[in-house]
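*Asks:* Just passing along the structure, written as structure tokens.
The values are calculated or read from the model by the stated rules, or taken from the named source; none is laboratory data. Keep in mind it's a predicted model, so treat the numbers as computed, not measured. As a convention, Cβ positions derive from the backbone with ideal geometry for all residues, glycine included, and neighbour counts pool all protein chains shown.
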Amino acid sequence: MRIVPTQITNYNRTDAELQAFWLFCILVAGKNADTAAGVLGRMLQEVPEGSTPFEYLRSLGSIALRNSLVAHRAGQYARVTRAIEESLSLDLRTASIEDLEGIFGVGPKTARFFVLHSRPGVRVAVLDTHILKWLRDHHEFAPKSTPGRRQYAELERAFLRLADAYFPGVAIADVDLLIWCEVSGRLEGVPEPELPAEPIFDLKLEDHNTIFLLRPATSLGADWVESYINEGYQSFGNAIVVEHRYVKDIVDGAVDDGLAVDIR
């Protein structure tokens, strides 16, 4: 049940492995991934053969659990102890993001990290410092630390939009890991997918201060514009003039329909 930070995605974990991964998610918040993996690895060595991590932790009780965390230098003892105790009744195979966020000290980032790397086909963003830096590097206004819930939802949509354009056909879990490895300098040994030389956007929105210009960049984008943009719009060459108040609705609608949108 050893956790390797650069090999975090696994959709076929046993119950014991899934519990160990959730414990890693709790421990890693606010600390280095290698450090958290080491702490967890030492703790899991105490789990009796034939038992799962949750079974073992239930048998400890609050005081012994906290003492174990202290002995292994887990840090943030009050938060981690309470989070683990509240987690022991979770069904980790069916728990929703909202269920996970209901655990003390678990926010949008931790809940999404667990779901993204343990369930196939999930499309969520783990807005850690690495992803936020990547967003800033790609012309998105993003804070340097994980945002609150309202801004989180907005940046999550921006990340998924850009991920689809820069990593077409690549699972979001793999995109997340690639960006983390690249920004943290851990790309060596991590397989990279074949990617186009340039990102593929279906629609491009250009900010010209008082207006935006909307340009279809693929046949899919052109078909979408023809289907959803009402007649009577003002055109400028091969672009459509868009007032600022309509930009969010256009972007949200296009992304919901699976299109990649570039905003500059």
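*Asks:* For Leu57, are the conditions met, namely being out of contact with any Ser or Thr (no Cβ under 8 Å at 6 or more places or on another chain) and closer than 27 Å to Glu156 by Cβ? Spell out the reasoning first.
*Replies:* Numbers: out of contact with any Ser or Thr (no Cβ under 8 Å at 6 or more places or on another chain): yes; closer than 27 Å to Glu156 by Cβ: no.
When the stated conditions are applied, Leu57 does not pass them.
*Asks:* Being touching a Pro at 6+ places or on another chain (Cβ under 7 Å) and either part of a loop (DSSP other than H, G, I, E, B) or loosely packed, with under 15 Cβ neighbours inside 10 Å (or both) is the filter here, so list the residues in segment 102-144 that pass it.
*Replies:* If we filter segment 102-144 for residues that are touching a Pro at 6+ places or on another chain (Cβ under 7 Å), which is where we start, we get 127, 132.
Listed by number, the list holds a single entry, Leu127.
*Asks:* If you go through segment 175-185, how many residues are crowded, with 18+ Cβ neighbours inside 10 Å and in contact (Cβ under 8 Å) with a residue 40 or more places away in the chain?
*Replies:* Step one: of segment 175-185, the residues crowded, with 18+ Cβ neighbours inside 10 Å are 175-181.
Filter once more, so that each one left must be in contact (Cβ under 8 Å) with a residue 40 or more places away in the chain: 176-177, 179-181.
So the count comes out to 5.
*Asks:* For segment 44-56, enumerate the residues that are over 14 Å from Ala71 (Cβ atoms) and either assigned to a helix (DSSP H, G or I) or of a type in the set (Ser, Thr, Tyr) (or both).
*Replies:* Of segment 44-56, the ones over 14 Å from Ala71 (Cβ atoms) are 47-56.
Within segment 44-56, Ser51, Thr52, Pro53, Phe54, Glu55, Tyr56 qualify.
*Asks:* Checking Phe24 against (1) surrounded by fewer than 18 Cβ atoms within 10 Å (Cβ to Cβ); (2) assigned to a helix (DSSP H, G or I), which test does it fail?
*Replies:* If we test Phe24 against (1) surrounded by fewer than 18 Cβ atoms within 10 Å (Cβ to Cβ); (2) assigned to a helix (DSSP H, G or I), just (1) comes out false.
*Asks:* Enumerate the pairs (first residue in segment 21-46 and under 12 Å from Val4 (Cα atoms); second residue anywhere and among the charged types (D, E, K, R)) with beta-carbon separation below 9 Å, excluding pairs fewer than 6 apart on the same chain, so at least 6 apart or on different chains.
*Replies:* Filtered contacts from segment 21-46: Phe21/Arg13; Thr35/Arg73; Ala37/Arg2; Leu40/Arg2; Gly41/Arg2.
*Asks:* Select from segment 83-101 the residues that are in a loop (DSSP other than H, G, I, E, B) and touching a residue at least 40 places away in the same chain (Cβ under 8 Å) and list them in ascending order. Even if it seems obvious, please write down each step before you answer.
*Replies:* Keep residues of segment 83-101 that are in a loop (DSSP other than H, G, I, E, B), which gives 88-96.
Selection gives Leu90, Leu92, Arg93.
*Asks:* Filter segment 147-169 for residues that are under 14 Å from the mean Cα position of the chain (by Cα) and within 15 Å of Arg123 (Cβ to Cβ) and give the result.
*Replies:* Tyr152, Ala153, Leu155, Glu156, Arg157, Ala158, Phe159, Leu160, Arg161, Leu162, Ala163, Asp164 - these are the residues of segment 147-169 that are under 14 Å from the mean Cα position of the chain (by Cα) and within 15 Å of Arg123 (Cβ to Cβ).
*Asks:* Does segment 222-242 contain any residue that is surrounded by 12 or more Cβ atoms within 10 Å (Cβ to Cβ), modelled with pLDDT of 85 or more, in contact with an Asp or Glu (Cβ under 6 Å, 6 or more places away or on another chain) and not in a loop (DSSP other than H, G, I, E, B)?
*Replies:* Looking through segment 222-242, none of the residues is surrounded by 12 or more Cβ atoms within 10 Å (Cβ to Cβ), modelled with pLDDT of 85 or more, in contact with an Asp or Glu (Cβ under 6 Å, 6 or more places away or on another chain) and not in a loop (DSSP other than H, G, I, E, B).
*Asks:* If you don't mind, another one. Which residues, counting only those in segment 243-261, are surrounded by 12 or more Cβ atoms within 10 Å (Cβ to Cβ), free of Cβ contacts under 8 Å to residues at least 60 places away in the same chain and in a helix (DSSP H, G or I)?
*Replies:* The answer is Tyr246, Val247, Ile250, Gly253, Ala254.
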